[in-house]
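What follows is one structure encoded as structure tokens, with my remarks underneath.
The values are calculated or read from the model by the stated rules, or taken from the named source; none is laboratory data. Fair warning: this is a prediction, and the values are worked out from it, not measured in the lab. So basically every Cβ, Gly included, is an ideal-geometry build from the backbone, and we count neighbours across all protein chains shown. Surface areas here come from the heavy atoms of the whole protein model, side chains and all, with no ligands, DNA or RNA. Shrake-Rupley method; radii C 1.70, N 1.55, O 1.52, S 1.80 Å.
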Amino acid sequence: MALEDSLEEFRRYWRAEISGAPAGAERPVSRKRARPGECSDPEKQSEEEEVPWKHLPGSPPRESRGELSRCLELAESLLEGKPISPPGAREKTAIRPPKSTSLVEQLIDDLNEINEIPFFDIQLPYEIALQIFQYLGRTELGRCAQVSKPWKVLAEDEMLWYRLCQMEGYLTDIGVADCTSWKEALRESRTKESLLRTNWKNRIGAVSQLHYELGKVLCDVHSSDGVVIAGYTSGDVRLWDTRVSDNGASFLKSTRDTSDLGLNPQVSFVRINGSLAVVAYEDGTVDVWSLLIGREPIHHYQHNQKIQALALSPEKAAIATASSFQVKVACPDERGYWQNTCNFQTQKLVNFLHLVHDAGGQPVAIAAAEEIVYLLKSEEPEKILHSTYGQPVTCLDVSATQAAFGVKSYGWFASSGNKIQVYNLQTCQSITTLGNSTGDFTCVNLKDSPPYHLVTGNRDRRVRVYDMRCSRALCSLYAHHLGVSAVRMDDWKVVSGGEEGLTCVWDQRMGTKLWETHARHPVRHIWFNSHSLIAANIPDEKNPRGASIMDDDLTAHRRHRGTINVYEFSVDQRSVESVLPICRSSYSEMSGYNYNIGLAVPYDNV
């Protein structure tokens, strides 16, 4: 009977609440959210917040409920979304006196309540939740966006996706307010990168050649960020910018007067960086141009003998030249006037020369003269970085903090094989020794390789990628049957050039050749970025017999000149630009092999 009476009383409360009429008993007091800073009597609040079913007839008293009361309280907390406190926590909590807060503090508390983000059984302000989410990657952010609406708003915050764009190297030169949706910008950048990688693997893009017929035979080529400089046997120097659609050649004037002294001597070396272009001639002349001012040289000096090596700092304005047993370093002062900062004397003729800057901004030259590797710094005596009698240096490359060079073995040392030595430029100590090859290392690339990696080319026809942390070769690629002459790599591919004229592109992780191109002369220079490749085939013979019909002819046959090939893999590049005009078709979709050639008939354009 007590249970029936309790059910009848509950029905009466329920009907009264629906109809809005007052019931016989007093209606329960509705719950109210307490404001921050307010304090109320816990016992009074518990009495007001008791729901009607706790006073139903037949229900056990509060003192005798025991474990049943605890279960009911837990169920009520779960239904109302309140945090669950452990047993005994309520008795241990002391009642704090009311705390006086200012209007500003009260406003901050109100804003925090409005911007709260649910984290399981607690509520966090938006700023704190944003600090937690900044440690997540794009995959984790996508999963968190599927949890709830507050988490979706938090996971799509522009600051989080702007930070991901900066970390992955996309759009690093713009601010956070320059883009409306950084999530879309990251998606588009990754899509474009994927398409570029596909074009690289399948050799899809435009191919062009940089020509200058009046220059006779190509002597040397260098490039920096898509700008190519070339020197010829006629003494002419030409400059191309492959980043623009109309990459016509622009010439750089020499300091010599051809009307009085006859033809210019042929070019020995050319170097270029973001702001300077440097050319060394056969007679020891050195000309320096500024890419920002004009075609006239801004600096000129003369060596008494032939120049064996030329170096240009990749980032700053500094030049190093080696002639006979002398190494000269020149750079501008604070007012822009060029001056020789230091001269060094070496024991033997310099074969390789590189220039970097130390932490203080001072130029540091690394020179290899036979078996001796020098570290030359202004206002300091010459330092010998490496020297082993009977083991000459065969190649050299330098990064900001390290130097890597190949060492050849002779005589009693031949049993140990040829090796790559890596030194630290700050401590002048050896870091590691790589390789044990029977052939000579002909080229090495350290400054353009990923961290802790370097790639080498050898006369034994192989290209090897080394990890300096474990001092072993990650992969060995059988590339060129006459030896490797140039090599370069990034995080997933390797591009190598050989003495026979082959330019090969390799997938580093798979260890397979993707594609290759062939030219007549050896590949002496390779440069590439994410969307373009520049390869220069430079002849060894600068004055071939039968190059021209007449002795006074300024041109040479194309088979003797050498070539500079530019491959463009950008998705914005139209594929028909790499096809001969006779093979172009007006159809919207081109069909054919990897070269995207679509044959046409005369009435296609009608």
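Testing S471 on (1) in contact with an Asp or Glu (Cβ under 8 Å, 6 or more places away or on another chain); (2) modelled with pLDDT under 90; (3) of a type in the set (S, T, Y), one condition comes back false. Which one is that?
For S471, the exception is condition (1).
Does any residue in the stretch 493-518 that is of a type in the set (S, T, N, Q) come within less than 9 Å, Cβ to Cβ, of a residue that is assigned to a strand (DSSP E or B) and open to solvent by 30 Å² or more (accessible area, probe 1.4 Å) six or more places away or on a different chain, and which pairs are these?
Filtered contacts from the stretch 493-518: S496/R488; T503/E516; T503/H518; Q508/L474; T517/V207.
Being without any contact (Cβ under 8 Å) to a residue 12 or more places away in the chain and outside any loop (DSSP other than H, G, I, E, B) is the filter here; which residues of the stretch 319-369 pass it?
The answer is Q339, and nothing else.
Given (1) in contact with a strand residue (DSSP E or B) (Cβ under 6 Å, 6 or more places away or on another chain); (2) open to solvent by 50 Å² or more (accessible area, probe 1.4 Å), identify the lone condition not met by N436.
Of (1) in contact with a strand residue (DSSP E or B) (Cβ under 6 Å, 6 or more places away or on another chain); (2) open to solvent by 50 Å² or more (accessible area, probe 1.4 Å), only one is false for N436: (1).
Answer with yes or no whether I229 is outside any helix (DSSP H, G or I) and under 22 Å from W289 (Cα atoms). Lay out the reasoning, then the answer.
Numbers: outside any helix (DSSP H, G or I): yes; under 22 Å from W289 (Cα atoms): yes.
Against the criterion (outside any helix (DSSP H, G or I) and under 22 Å from W289 (Cα atoms)), I229 qualifies.
Residues checked against (1) at pLDDT 90 or above; (2) open to solvent by 30 Å² or more (accessible area, probe 1.4 Å); (3) among the polar types (S, T, N, Q):
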{"site": "G215", "(1), (2), (3)": "no, no, no"}
{"site": "V227", "(1), (2), (3)": "yes, no, no"}
{"site": "T233", "(1), (2), (3)": "yes, no, yes"}
{"site": "V237", "(1), (2), (3)": "yes, no, no"}
{"site": "W240", "(1), (2), (3)": "yes, no, no"}
{"site": "S245", "(1), (2), (3)": "no, yes, yes"}
{"site": "A249", "(1), (2), (3)": "no, yes, no"}
{"site": "K253", "(1), (2), (3)": "no, yes, no"}
{"site": "L263", "(1), (2), (3)": "no, yes, no"}
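Any residue at all in the stretch 232-252 that is touching an Asp or Glu at 6+ places or on another chain (Cβ under 7 Å) and among the charged types (D, E, K, R)?
no
Take H525 and decide whether it is touching a strand residue (DSSP E or B) at 6+ places or on another chain (Cβ under 7 Å) and assigned to a strand (DSSP E or B).
Taking the combined requirement at face value, the residue satisfies it.
Look at the stretch 190-213 and say how many of its residues are at pLDDT 85 or above and assigned to a helix (DSSP H, G or I).
Number of matching residues: 13.
Can you tell me which residues in the stretch 467-518 are among the hydroxyl-bearing types (S, T, Y) and open to solvent by 10 Å² or more (accessible area, probe 1.4 Å)?
Narrowing the stretch 467-518 to residues among the hydroxyl-bearing types (S, T, Y): 471, 476, 478, 485, 496, 503, 512, 517.
S471, S476, Y478, S485, T512, T517, listed by residue number.
If a residue must be of a type in the set (V, I, T) and either in a helix (DSSP H, G or I) or at pLDDT 90 or above (or both), how many such residues does the stretch 532-581 contain? Step through it out loud before you land on a result.
Keep residues of the stretch 532-581 that are of a type in the set (V, I, T), which gives 534, 538, 549, 555, 563-564, 566, 571, 576, 579.
Imposing the further condition that a residue be either in a helix (DSSP H, G or I) or at pLDDT 90 or above (or both) reduces the set to 534, 538, 563-564, 566, 576.
Number of matching residues: 6.
Considering only residues of the stretch 270-290 that are under 29 Å from the mean Cα position of the chain (by Cα) and open to solvent by 20 Å² or more (accessible area, probe 1.4 Å), which is nearest to V237 (Cα to Cα)?
Only one residue tops the list, namely R271.
With open to solvent by 80 Å² or more (accessible area, probe 1.4 Å), under 29 Å from P118 (Cα atoms), within 15 Å of the chain's Cα centre (by Cα) and without any contact (Cβ under 8 Å) to a residue 40 or more places away in the chain as the only criterion, which of M167, M159 stands out? Don't jump to the end; show me each part of the working.
On the way: M159 fails: within 15 Å of the chain's Cα centre (by Cα).
M167 is the lone residue from the list that is open to solvent by 80 Å² or more (accessible area, probe 1.4 Å), under 29 Å from P118 (Cα atoms), within 15 Å of the chain's Cα centre (by Cα) and without any contact (Cβ under 8 Å) to a residue 40 or more places away in the chain.
Name the residues in the stretch 175-184 that are surrounded by 13 or more Cβ atoms within 10 Å (Cβ to Cβ) and part of a loop (DSSP other than H, G, I, E, B), would you?
Listed by number, the list holds a single entry, C179.
Confirm whether G284 is farther than 30 Å from N424 by Cβ and free of Cβ contacts under 8 Å to residues at least 24 places away in the same chain.
No, not satisfied.
Which one is modelled with the lowest pLDDT, of the residues in the stretch 511-531 that are among the basic types (K, R) and farther than 24 Å from K192 by Cα?
R520
Could you list all residues from the stretch 298-315 that are outside any strand (DSSP E or B) and open to solvent by 20 Å² or more (accessible area, probe 1.4 Å)?
If the condition is that a residue be outside any strand (DSSP E or B) and open to solvent by 20 Å² or more (accessible area, probe 1.4 Å), then I298, N304, Q305, K306, P314, E315 are the ones that fit.
Is it the case, given these coordinates, that S223 is part of a strand (DSSP E or B), closer than 19 Å to R561 by Cα and either of a type in the set (F, W, Y) or in contact (Cβ under 8 Å) with a residue 12 or more places away in the chain (or both)?
yes
Here is a check on your reading of the model: is I95 open to solvent by 100 Å² or more (accessible area, probe 1.4 Å), at pLDDT below 85 and assigned to a loop (DSSP other than H, G, I, E, B)?
Yes, satisfied.
Suppose we filter the stretch 363-409 for residues that are of a type in the set (D, E, K, R) and modelled with pLDDT of 95 or more; how many remain? Can you show your working first?
Narrowing the stretch 363-409 to residues of a type in the set (D, E, K, R): 370-371, 377, 379-380, 382-383, 397, 408.
With modelled with pLDDT of 95 or more added as a condition, the list becomes 397.
Matching residues across the stretch 363-409 total 1.
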